[in-house]
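The values are calculated or read from the model by the stated rules, or taken from the named source; none is laboratory data. Keep in mind that this is a model prediction, so the values were computed, not measured. Cβ: placed from backbone, ideal geometry, glycine included. Neighbour counts: every protein chain shown.
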Amino acid sequence: MPRYEQVADDLRARIHAGEYEVGTKLPTYAELTETYGVGRGVISSALGVLEREGLIRVVKKAGIRVLNWRVQRRRIGRGQAVMRDPARGYVFPAASHAGEPWIVHGRAVRSYEPAPERVAAFLGVEPGIAVLRRRRVTSPADEPQFQIVDTWLSPEAVRDAPRAADADTGPGGYIDRLEEAGHGPIEWTEHARARTPTDEEAALLDISPESTVLELYLIGKSPALGRAVDVTVRVIPADRVELVTELRRDESAAWPVAPVTPREPD
């Protein structure tokens, strides 16, 4: 076994045993090289392994911090039904359970930001144009940061439904305001992909930049415009979520299987 893997195995075992608690720091590079009798390159490779596993986060000038690796993986049922709650408005497939309290870490932020290329393509605007973004970092109560939720509203959405841009969007949220302004009934499409986080995302979610995140795009299309009026992007650490899709039988796959009638020879 390469020496860096031996070092990674030992540090991993110590973290799992509680010798290095969540939120505390590992020894410095200099201390680790002395402890294991190896060079800085070996230590760097070993820490890289642990970063990719989501056990630690190495921050320049701030040290090597142990992350919350005990967080349970949550299941997200990816059904196709969009429901409605009289108190909350539309309810989409999510990682929450009925009645489970969620919290916002820090504060929700509304600001005009340059539209990323993919968001701009869905909204039909030029990349880099300032678009209203509603950002919040949320999680179930008593759990670390679970997801970053960015909702981007098109210029037409803000123009037609200015209250959708307010801090308090009223009953039903910004979607109700958009539909009341003539953009209903909104139709939704969801895109999912995996990628590495940006440095900003890693900091907000308190994860390693070497880890993987799941990115879910929910695109809300206005029938009046024939294109999207809002794009909501959820970024979730991939090791905290499991997607579950319930499959259904098409009519062609009905049971019992219809008997096959042998063809008569020509």
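Within region 24-132, considering only helices (runs of 4 or more DSSP H) that don't extend past its boundaries, which have at least 2 residues that are among the hydroxyl-bearing types (Ser, Thr, Tyr) and over 30 Å from residue 10 (Cα atoms)?
Hits in region 24-132: none.
Using beta carbons and a limit of 6 Å, which pairs, at least six apart or on different chains, have the first residue in region 187-202 and under 25 Å from residue 175 (Cα atoms) and the second one of a type in the set (Phe, Trp, Tyr) and in a strand (DSSP E or B)?
Every condition considered, the pairs that remain are 191/217.
Given the structure, is residue 57 among the charged types (D, E, K, R), surrounded by 19 or more Cβ atoms within 10 Å (Cβ to Cβ) and under 22 Å from residue 199 (Cα atoms)?
yes
Could you count how many residues in region 179-191 are surrounded by 13 or more Cβ atoms within 10 Å (Cβ to Cβ) and in contact with a strand residue (DSSP E or B) (Cβ under 6 Å, 6 or more places away or on another chain)?
Of the residues in that region, 5 qualify.
Could you tell me which numbered condition residue 124 fails, if it satisfies all but one of (1) among the small types (Gly, Ala, Ser); (2) surrounded by fewer than 18 Cβ atoms within 10 Å (Cβ to Cβ); (3) farther than 17 Å from residue 220 by Cα?
Looking at each condition in turn, residue 124 falls short on (3).
Scan region 83-101 and give yes if some residue there is surrounded by 15 or more Cβ atoms within 10 Å (Cβ to Cβ), over 30 Å from residue 155 (Cβ atoms) and modelled with pLDDT of 85 or more, otherwise no.
No, region 83-101 contains no residue that is surrounded by 15 or more Cβ atoms within 10 Å (Cβ to Cβ), over 30 Å from residue 155 (Cβ atoms) and modelled with pLDDT of 85 or more.
Would it be correct to say that residue 51 is under 22 Å from residue 145 (Cα atoms) and of a type in the set (Asp, Glu)?
yes
Quick one: which residue in 207, 175, 219 is surrounded by 17 or more Cβ atoms within 10 Å (Cβ to Cβ), among the β-branched types (Val, Ile, Thr) and in a helix (DSSP H, G or I)?
None of the other options fit; the residue is 175.
Has region 186-194 got any residue that is at pLDDT below 95 and not in a strand (DSSP E or B)?
no
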